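Scroll down for the structure; my scribbles are underneath it.
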Amino acid sequence: MSDLAGNPGQELPIRPDNLINRTVDWIDEFQRRIGPIAFGFAVIKKFGDDRGGQFAALLSYYTFFSLFPLLLVLVTILGIVLEGNTSLQERLVNSAVSRFPVIGDQIAGAVTARTGGAATIAIGLLVALYAGIGATGIAQEALNTVFIVPVLQRQNFWIRKARGLVTLLVFGTSILATTALGSIAAWIGFGGLFGRLLLVLGTFMLNAALITMLFEVLVHEKLGWRVTRWGALFGGISWTMLQLIGSVYVSRIVANASRTYGLFAVVIGLLSWIYLQAQFFLLAAEVSSVADRRLFPRAVVREHPTRADIDVADLIEVREQRVRESERAWRSRVTTP
């Protein structure tokens with residue numbers, strides 16, 4: 001049992017009675033009474049408990065190094081298959097990088113200038129596969145932490161790698177679906193407010209479906225739609241909104257950058273964009289976890305814990321237990337020669 005749940009031999013320190021503490025206590029009581037606020041605070045607090053920021057940074061690092069090789073492979077294959085049809089190549093590339101509206105134009109310009117043959121495809125695939133497997137490994141560790149899968153119940157090295165390959169396949173399929181959606185919309189000639197709304201709705205549905213599939217593949221236990229639905233809804237909305245906001249950002253700021261500053265804008269913009277996507281992805285997982293286990297309301301101050309605080313502390317203790325009781329008993333019999 002954790003200290004938060006109450007240790008008979010240890011008491012929590014008494015907080016002094018002053019204006020600041022009374023204000024904090026009032027805020028704490030207020031947020032506990034308002035359901036949506038209590039739920040949002042519980043999600044953010046559990047995100048911190050699960051080291052969400054660290055996982056998001058690692059996920060962004062590996063994703064960043066896998067993105068350009070994948071785009072290079074895509075452009076090379078399109079150049080071979082659609083040789084002589086430059087307009088269709090550019091349209092497909094633009095659709096593929098539409099997931100990164102903050103720097104999509106710069107990425108497209110960078111990769112379209114670099115084409116090659118079989119060697120380019122092989123090297124690009126190897127580099128992308130290495131970085132992609134690293135990203136999926138971090139994503140599995142992060143999601144298993146968020147969904148409180150005990151360390152002892154997580155799967156072995158080879159199964160994790162197999163799940164990573166399936167994840168890359170799922171993500172690649174989603175990029176193809178996004179490309180197809182943009183191409184179909186351009187071919188049909190959707191325009192005006194109604195056409196844009198349909199495109200946004202289609203993007204949201206693809207994002208929500210992608211997040212649901214990633215949860216199912218990456219988490220080492222069966223979740224089901226009942227668990228993932230709220231996270232998929234939140235993630236689909238947040239990823240779609242990020243793409244819409246990014247389009248405004250690039251039209252007003254990045255597009256006006258100079259050549260030198262534009263290079264830094266591409267790198268910094270891409271890293272920031274991936275980091276935001278990773279954070280909202282993990283927050284979506286936290287939404288599903290908190291909603292499924294009803295881990296709210298949470299306390300603002302440690303001295304006044306709620307039932308959910310105690311439950312979270314106990315679940316974390318079970319999750320991080322790394323030695324089975326039988327193994328502990330077996331090790332206790334070992335004597336030093």
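The values are calculated or read from the model by the stated rules, or taken from the named source; none is laboratory data. Predicted model only: the values in this text are computed from it and were never measured. Because the Cβ atoms are built from the backbone with ideal geometry, glycine has one as well, and the counts that use them run over all protein chains shown. For the accessible areas, the whole protein counts, side chains as well, though only heavy atoms, and no ligand, DNA or RNA atoms are used. Shrake-Rupley method; radii C 1.70, N 1.55, O 1.52, S 1.80 Å.
Observations on the model:
- The lone exception for residue 301 - which of (1) in a loop (DSSP other than H, G, I, E, B); (2) at pLDDT below 85; (3) surrounded by 11 or more Cβ atoms within 10 Å (Cβ to Cβ) it fails: (2)
- Counting only residues that are of a type outside the set (Gly, Ala, Ser), in a loop (DSSP other than H, G, I, E, B) and over 18 Å from residue 142 (Cβ atoms), the stretch 205-224 holds 1 of them.
- Residue match in the stretch 274-291 (condition: open to solvent by less than 60 Å² (accessible area, probe 1.4 Å), in a helix (DSSP H, G or I) and either over 30 Å from residue 67 (Cβ atoms) or free of Cβ contacts under 8 Å to residues at least 24 places away in the same chain (or both)): yes
- Residue within the stretch 201-215 that is hydroxyl-bearing (Ser, Thr, Tyr) and either open to solvent by 70 Å² or more (accessible area, probe 1.4 Å) or at pLDDT below 80 (or both) present: no
- Options 268, 310; residue that is open to solvent by 50 Å² or more (accessible area, probe 1.4 Å) and either modelled with pLDDT under 90 or over 22 Å from residue 225 (Cα atoms) (or both): 268
- Any chance residue 236 is at pLDDT 90 or above, under 16 Å from the mean Cα position of the chain (by Cα) and of a type outside the set (A, V, I, L, M, F, W, C): yes
- Qualifying residue in the stretch 247-263 (condition: under 23 Å from residue 56 (Cβ atoms), under 26 Å from the mean Cα position of the chain (by Cα), modelled with pLDDT of 65 or more and not small (Gly, Ala, Ser)): no
- Taking helices (runs of 4 or more DSSP H) as the structural unit, those lying wholly within the stretch 1-105 and holding at least 3 residues that are open to solvent by less than 80 Å² (accessible area, probe 1.4 Å), within 30 Å of residue 287 (Cα to Cα) and modelled with pLDDT of 60 or more correspond to 19-33, 35-49, 52-81.
- Yes/no for residue 145 being more than 19 Å from residue 274 (Cβ to Cβ) and either touching a strand residue (DSSP E or B) at 6+ places or on another chain (Cβ under 8 Å) or modelled with pLDDT of 75 or more (or both): yes
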